[in-house]
Amino acid sequence: MIGLLVLLALGVYLLVSFFVVRAAIRFARDRGKSRWLWGGLASFAMYNLVFWDWIPTIAAHRYYCAKDAGLWVYKSVDQWKAENPRVLGTLVQFEGAPSKSQVISKKESDTTTYFLNPRFNWVTKNEKFNSLLNLYSTEWLVIDNKTNEILARYKNYSTAQMHGG
């Protein structure tokens, strides 16, 4: 039922847009102005009533993804095992891991720490960093508890349409 209402609203919007563009073309014709220019400006104005943020949001999303997103492995499993002999065999998964052991929430961001075992934590950080365009950043860290060293990092960006949050 809601989908039907959305389709009805879209149909009304398109009908109103058609008549606004048509009126702009008539206005231009009656005054000897460029019909293409006035019709194009009216179309652009009607488009931007609903989709004003789409192009800047996509451009900003692509910029931040190209500039700062990715996966970094600072220390491979083999390197970590070589530096910590005999430790791997002693690690036991916490019961029910990964479980939310600590949640720190703020209005625009939240950080959650999952204690995987006595040696490793998985930290997730979600932040809404651009309110105007609804851009979010997501960061995952794998941290060695003993050394506080970041072993791996994943960072990604999303928009409100793709975020799910």
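The values are calculated or read from the model by the stated rules, or taken from the named source; none is laboratory data. Model, not experiment: these values are computed from the prediction. When we count neighbours, we look across all protein chains shown, and the Cβ atoms used for this are built from the backbone with ideal geometry, even at glycine. SASA here: full protein model, heavy atoms, side chains in, ligands and nucleic acids out. Shrake-Rupley method; radii C 1.70, N 1.55, O 1.52, S 1.80 Å.
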Study note, to complete from the structure: Filtering strands (runs of 3 or more DSSP E) wholly in the stretch 112-165 for at least 2 residues that are open to solvent by 30 Å² or more (accessible area, probe 1.4 Å) and in contact with a Gly (Cβ under 8 Å, 6 or more places away or on another chain) gives 149-159
Practice item. Would you please name the residue that is nearest to Leu133 (Cα to Cα), looking only at residues in the stretch 42-85 that are part of a strand (DSSP E or B) and open to solvent by 50 Å² or more (accessible area, probe 1.4 Å)? Key: Leu71
Study note, to complete from the structure: Taking the stretch 29-41 and keeping residues outside any loop (DSSP other than H, G, I, E, B) and surrounded by 11 or more Cβ atoms within 10 Å (Cβ to Cβ) leaves Arg29, Arg35, Leu37, Trp38, Gly39, Gly40, Leu41
**Study point:** Of the criteria (1) modelled with pLDDT under 85; (2) surrounded by 16 or more Cβ atoms within 10 Å (Cβ to Cβ); (3) under 18 Å from the mean Cα position of the chain (by Cα), which one Ser109 fails
**Key:** (2)
